[in-house]
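The values are calculated or read from the model by the stated rules, or taken from the named source; none is laboratory data. This one's a predicted model, so the numbers in the text were calculated from it and none came from an experiment. Cβ atoms come from the backbone with ideal geometry, glycine included; neighbour counts cover every protein chain shown. Just the protein is used for accessible areas: all its heavy atoms, side chains included, with ligands, DNA and RNA removed. Shrake-Rupley method; radii C 1.70, N 1.55, O 1.52, S 1.80 Å.
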Amino acid sequence: MPPPTLLRSRRCRLALALGLAPFSTRAFQPLGKGPVLRSAARSTAVKAPTSPSARARVVVAASTEPLSAGRPLKVAIAGGGVGGLTTAFCMLKAGFDVTLYEKTGEFARFGGPIQFASNALSTLKAIDEKLFERVMREFTFTGTRRCGIKDGLRSDGSFRNTPVVDPTYLVDESVPADWFVAFPLKQCADFFNLPYTGVIDRPDLQEILLDECRALKPDFIRNGSPIVGYENHDEGVTAKLGDGTTVEADVLVGADGIWSAVRAEMYNEGEVKAKSADGLTTQKCPYSGYTVFAGETVLKCPDYYETGYKVYIGPQKYFVTSDVGDGRIQWYSFLSLPPGTKRAGDSWEGGGSSDKEGQDVISYLKELHDGWTPEIAYVLDNTPAASVEQRDLYDRWPEFFRSWAQGSTVLIGDAVHPMMPNLGQGGCQAIEDAYELTKALKATQTFSGSFANHASVEKALQDFYKSRVLRVAGVSLLSRLASDLIINAFDTPWSPHDERGQSWKSYLTFFWKPLLQYIIFPAQFLFLYSYHPSGGMGDLPKRLEAAWQERHRENAEEVFAKVAKEGQKSAGPSFFEAANS
């Protein structure tokens, strides 16, 4: 039999529905339009907690009452990265009361590009048309041009776009072998009628998201107030801030990155960024085995307008270049080295590189790639030394057996599923998380806009985890597999015309080519783009790309001319840097 307080509550609601109680009709106003009347039973119970057991009964009874009694769902978000800001916007647009807590003192306009694949662009459009349009105005498409894998040793240095598949190469040594595989990015996007993969500068994305959030709630963000812990309870969650204060919320979203304080609390990982004795794990996250050097330069390569990004493969390493707009090329060098072999700074960790450090890294990389195509040396030689950075890559296995949610607290993005950068899906999956989490919470709302109770909200967080875990695990494993295969299983492909590729890996790489070109890569990108909540967009992707083409060449040529006249400086520090750090 239900407790007497619940019976009384039900009788009150029944009397109200029959018009037998002289209560104000404001009780039936939509969410956010005024106070909703609490039942007489709850009001009485709240006023009379005379003992611990009585207080416990009050909490239990209250948790079965409507959650948003006259107010929207209150959400606290830890972390102001791509995932945190996108989640804030999604939830503000859904009518939730959102506050984002960011550790840096203020947002600064710094940072390089972030890749958005077709699935992320579709999600942005499903979230908000205006947001999507603003992102597109700042976007650089790469997926409409040649993207793929080049032979790091046989490319002739002229940046030519030779045929990828030409069987006569086997019998005619004059047939070029510069390109190994081309990625079917455009074809797979066209299959679903989605916008094409590309990049946007983090500062531009940051400004767009901040503007859109502030239009809905001007004071939605608290800078210099990191969330360092939390405590779930029957009425929601208490978030603990770095200054020792606390805030109450119905839901806490941990979007605070790979070194997440919310994650450390949820999974009992100890101190944030605590290293193991052997240095191979940080906050129980294992070192991936790879370090990456990166740099950026303004450079008019002969293939600048024809290629999006290129992966040069060779013995036990690979080198990537990508157009990132406005005449700029960003490059990455992935190497299998022990953790802590620091040769350059990392602005994400609080410091960039000096000119000497950067020049030493450039010389080091040129030496490592001795005998490789001159195209790599050309890019390195034209890179401002101070733009060079290094970062050790850490990677977690997908969380199959531990929920991403605990009570009223949930993890998203890198806090629960960090990605190796090979597929450019880290930010994309965080955006998908933001959309799906908001959708799961919205599904618990009643017709009046209120939420059933805290139990239904907690169930929504578990439903979100269950709906995302398999897809995210698949994307994460594909991202990790790309590094492992290229470094450990790929080599310079075998050729009948020279002695450059003679190991068993070289033969294996040669025979992989048709499978990669016609089966594996098409299946991979179709899987990635199969998540597209906006649905197909008809001819919009082609119209967007055509409009971009006009401004891309004009902008790039303007930058090329300026650099030729004035020279170039290195890029500033990355995305979020404390103003007073």
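Restricting attention to segment 180-191, the residues being among the aromatic types (Phe, Trp, Tyr) and more than 22 Å from the chain's Cα centre (by Cα) number 2.
So for segment 525-534 (the condition being within 30 Å of Lys300 (Cα to Cα) and open to solvent by less than 70 Å² (accessible area, probe 1.4 Å)), does at least one residue qualify? Yes, the conditions are met somewhere in segment 525-534.
Among the residues of segment 250-263, those that are open to solvent by less than 10 Å² (accessible area, probe 1.4 Å) and of a type outside the set (S, T, N, Q) comprise Asp250, Val251, Leu252, Val253, Gly254, Val262, Arg263. With the condition kept exactly as written, say whether any residue in segment 238-248 is open to solvent by 50 Å² or more (accessible area, probe 1.4 Å), hydroxyl-bearing (Ser, Thr, Tyr) and either in contact (Cβ under 8 Å) with a residue 40 or more places away in the chain or over 30 Å from Arg134 (Cα atoms) (or both). The answer is yes, given that some residue of segment 238-248 is open to solvent by 50 Å² or more (accessible area, probe 1.4 Å), hydroxyl-bearing (Ser, Thr, Tyr) and either in contact (Cβ under 8 Å) with a residue 40 or more places away in the chain or over 30 Å from Arg134 (Cα atoms) (or both).
For segment 188-204, does any single residue satisfy the condition of being aliphatic (A, V, I, L, M) and without any contact (Cβ under 8 Å) to a residue 40 or more places away in the chain? Taking every residue of segment 188-204 in turn, none turns out to be aliphatic (A, V, I, L, M) and without any contact (Cβ under 8 Å) to a residue 40 or more places away in the chain. Where strands (runs of 3 or more DSSP E) fall wholly inside segment 310-422, the ranges with 1 or more residues that are touching a Pro at 6+ places or on another chain (Cβ under 8 Å), touching a residue at least 12 places away in the same chain (Cβ under 8 Å) and open to solvent by less than 10 Å² (accessible area, probe 1.4 Å) are 317-325. For segment 288-299, the set of residues classified as part of a strand (DSSP E or B) and either within 30 Å of Phe560 (Cα to Cα) or open to solvent by 20 Å² or more (accessible area, probe 1.4 Å) (or both) consists of Gly289, Val292, Phe293, Ala294, Gly295, Glu296, Thr297, Val298, listed by residue number.
Each residue in segment 266-287 was checked for being outside any loop (DSSP other than H, G, I, E, B), open to solvent by 10 Å² or more (accessible area, probe 1.4 Å) and in contact with a Ser or Thr (Cβ under 8 Å, 6 or more places away or on another chain), and 3 of them qualify.
Give segment 507-535 a look and list any residue that's of a type in the set (Phe, Trp, Tyr), within 29 Å of the chain's Cα centre (by Cα) and either farther than 16 Å from Leu481 by Cα or assigned to a loop (DSSP other than H, G, I, E, B) (or both), or say none.
Tyr518, Tyr529, Tyr531
With the condition kept exactly as written, say whether any residue in segment 156-179 is within 24 Å of the chain's Cα centre (by Cα) and surrounded by 20 or more Cβ atoms within 10 Å (Cβ to Cβ). The answer is no, given that none of the residues of segment 156-179 is within 24 Å of the chain's Cα centre (by Cα) and surrounded by 20 or more Cβ atoms within 10 Å (Cβ to Cβ).
Any residue that is more than 22 Å from Lys442 (Cβ to Cβ), out of contact with any Cys (no Cβ under 7 Å at 6 or more places or on another chain) and of a type outside the set (A, V, I, L, M, F, W, C) - is there at least one of those in segment 82-100? Walk me through how you get there before you give the answer.
At the first step, the residues of segment 82-100 found to be more than 22 Å from Lys442 (Cβ to Cβ) are none.
Taking every residue of segment 82-100 in turn, none turns out to be more than 22 Å from Lys442 (Cβ to Cβ), out of contact with any Cys (no Cβ under 7 Å at 6 or more places or on another chain) and of a type outside the set (A, V, I, L, M, F, W, C).
For beta carbons closer than 7 Å, sequence separation of 6+ or different chains, a first residue in segment 543-571 that is touching a residue at least 40 places away in the same chain (Cβ under 8 Å) and a second that is open to solvent by 50 Å² or more (accessible area, probe 1.4 Å), the qualifying pairs are Asn555/Asp326; Ala556/Asp326; Val559/Asp326; Phe560/Lys300. Taken over segment 104-144, residues that are surrounded by fewer than 19 Cβ atoms within 10 Å (Cβ to Cβ) and not in a helix (DSSP H, G or I) amount to 8.
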